[in-house]
Ligand SMILES: Nc1ncnc2c1ncn2[C@@H]1O[C@H](COP(=O)(O)OP(=O)(O)O)[C@@H](O)[C@H]1O
Ligand SMILES: [Mg+2]
């Protein structure tokens, strides 16, 4: 039965067309604000993860690799690749002042051909000196130390029930899997040197490796470097460039700066769309609401005539605005969340950067903020509606027309 | 219960000319007593609705006072006056006054739910709808009703709270003679049951239902 409590719902139902339009626009508004802020913080989360996972101050790669291999790209969007330099470069680099730790890595890309379970980047590290990968492996794997033909895989690598991944007719045992970073690190397979040497030899045998003139015992792909506390990373990097021939040097700062730039650009355009959508949504909500109030002037005047105080009428208008915007807002957030979760990989690909769904606390905060932004529109609409009604001369409205 | 107007006057600013006022109701005295059925007739524009709205607590007079049982109603704050209107004054405004989202029955129950959380008096509302002859339209929406039916709905709604004052602005305008008689009999009956009833009209059809007929002309009331 009718009550003052359910009157707003009855009114909204009675003006179904207007209500549907209000729902639609508040939904779009929430969709844009929640989706937009989620994407921005998702990119930020992804990049932070990459940055901390990267773990080295400087990465040295062979110079000729620069054309088809860019250190930034390997982190963010590169196709798996492989390139080598002589192991002797390690000793030359070691002579440069200011280095605290250094560790070599050997890269290899599995072919797309029938030889392998998947096309992935394989990264071998030296357990004795490594400081960039093992801290993460420690988090994930439980099956004792990594032995020959054992691998830990990134989150995008499919792990089958038998925990076996096959490369060049060799079975590798998967002993752990990393949490997602939203970058190509998620496509990597990590192993020790002995394992990668077996795989490289197997790839030579199959003629699937362009570097067959190299002896896998004598080559490395990259050297990860941590500088001594207090040392200037840029200076150390500069010294390496000067003193060691045939290498390309990237600092984490370079990479982060590059990352920061692309983040800024993307955040900028996402923010622009978010704000634009919000403004359009707010304007439309206010407009439609004002039209609805205007259409119902006579109803409000009648309520006043039968003894409703201005406060009762204002509360009614405010509750109508809040109910419809809140419902639209929640719908928009749920829809937005569904889209984000379903298409998170696609979003990362389209944006060309790492994208990670933010943690639950961030999600709740952003959803709350999106709801608030929609409620702000409700508040403005209601305020305008209430002002209109309180300024109207009810006795005059009741005399106008029929 | 007595509704009394003392020297009430209403001025409206003349459109366009900010300093110029136009008097719709000249200072007049008026008394409405329980059990009496009073009719004010007068040409359109003579100030009848303005007077009625001032009596209803809907329009603040430019001068003079309106008393309900010796209480100056325009000295009350807006909230108290609204509550008073809800409990003591049944107003039947000119024209359509239905909430379009509600059924006819819900419209009639509206005055009750404004200040009461209890179950609304559905049976009473149905009885009233029966008395005004539209019980069968209880579940209909207002836009399915004719003008006469809407007017009758407004009368049922105005009587729901058993007000001691009933004020009706042109309640029979646009009704056929059968409906006119039905509506006026209902108001007459309310007066016989103790309400103070005032009907404002520009026609003479109410004459033989009334105790007093007053005429309004150019903002002045004549006995
Ligand atoms: N709110 C108002 N503002 C300006 N003029 C008004 C207003 N209400 C009524 N009037 C004028 O006051 C006069 C009396 O109006 P009204 O009381 O509605 O007459 P009636 O009900 O007898 O037809 C008319 O000339 C009308 O134009
Ligand atoms: Mg009138």
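Just so you know, all these numbers are worked out from the coordinates, no wet-lab data involved. This is a predicted model, so every value here is computed, not measured. Here the Cβ is made from the backbone with ideal geometry for all residues, glycine too, and neighbour counts use every protein chain on show.
Things worth noting here:
- Relative packing of B:88-96, B:3-11, which averages over residues the other C-beta atoms within 10 Å, highest first: B:88-96, B:3-11
- Taking the DSSP bridge list for the protein assembly as shown and keeping only pairs wholly inside it, about 60 percent are antiparallel.
- The spacing between the range A:27-49 and the range B:21-77, judged by their C-alpha centroids, is 62 Å.
- Fewest-first sequence of A:172, A:188 by Cβ atoms within 10 Å of each Cβ: A:172, A:188
- Structure remark: mean-square fluctuation, Gaussian network model of chain A, C-alpha springs under 10 Å; the largest value among A:341, A:54, A:167 belongs to A:341.
- Per-residue shielding of A:384-396, expressed as the average number of other chain Cβ atoms within 10 Å of the residue Cβ, stands at 2.
- Separation of the range B:84-114 from the range B:191-220 is 22 Å, based on Cα centroids.
- Calculated FRET value between residue A:393 and residue A:271, using beta carbons and R₀ = 56 Å, to 0.05: 0.80
- Antiparallel bridge percentage (DSSP; both residues within chain B; nearest 5): 50
- Take each residue of peptide A:2-13, count the partner chain Cβ atoms within 10 Å of its Cβ, and average: the result is 4.
- For the range A:150-210 versus the range A:215-242, the inter-centroid distance based on Cα atoms is 26 Å.
- Global form of the range A:180-232, assessed from the alpha-carbon gyration tensor, a/c cut-off 1.5: oblate
- Computed over chain B, relative contact order equals 32 percent, with contacts defined as Cα pairs under 8 Å that lie 6+ residues apart.
- When the Cα gyration tensor is reduced to axis lengths a ≥ b ≥ c, the ratio a/c is 1.5 or higher for the range B:120-223, and with a/b above b/c it is classed as prolate.
- Fraction of alpha-carbon pairs over 21 Å apart in chain B - percent: 55
- Degrees separating the helix B:177-192 axis from the principal Cα axis of chain B, which is the longest one: 80
- Inverse of mean 1/r across different Cα pairs in the protein assembly as shown, Kirkwood, Å: 31.0
- FRET efficiency, 1/(1 + (r/R0)^6) with R0 41 Å, evaluated for residue A:369 and residue A:92 via beta carbons: 0.20
- Cα long-axis angle, helix A:310-342 against chain A (0 to 90 degrees, to the nearest 10): 20
- At full extension, residue B:217 and residue B:71 could sit 49.7 nm farther apart than now, given 0.36 nm per residue minus the alpha carbon distance.
- Between B:155, B:181, B:40, the GNM of chain B built on Cα springs shorter than 10 angstrom shows B:181 fluctuating the most.
- Residue with peak Gaussian network fluctuation, chain A [Cα springs, cutoff 10 Å], from A:203, A:302, A:252: A:302
- In degrees, nearest ten, helix B:78-88 long axis to first principal axis of chain B (Cα): 60
- Mean residue ellipticity, 222 nm, helices only, chain A: the sum of -39500 (n - 2.57) across DSSP H runs of n ≥ 4, divided by residue count and rounded to 500, is -18500 deg cm²/dmol.
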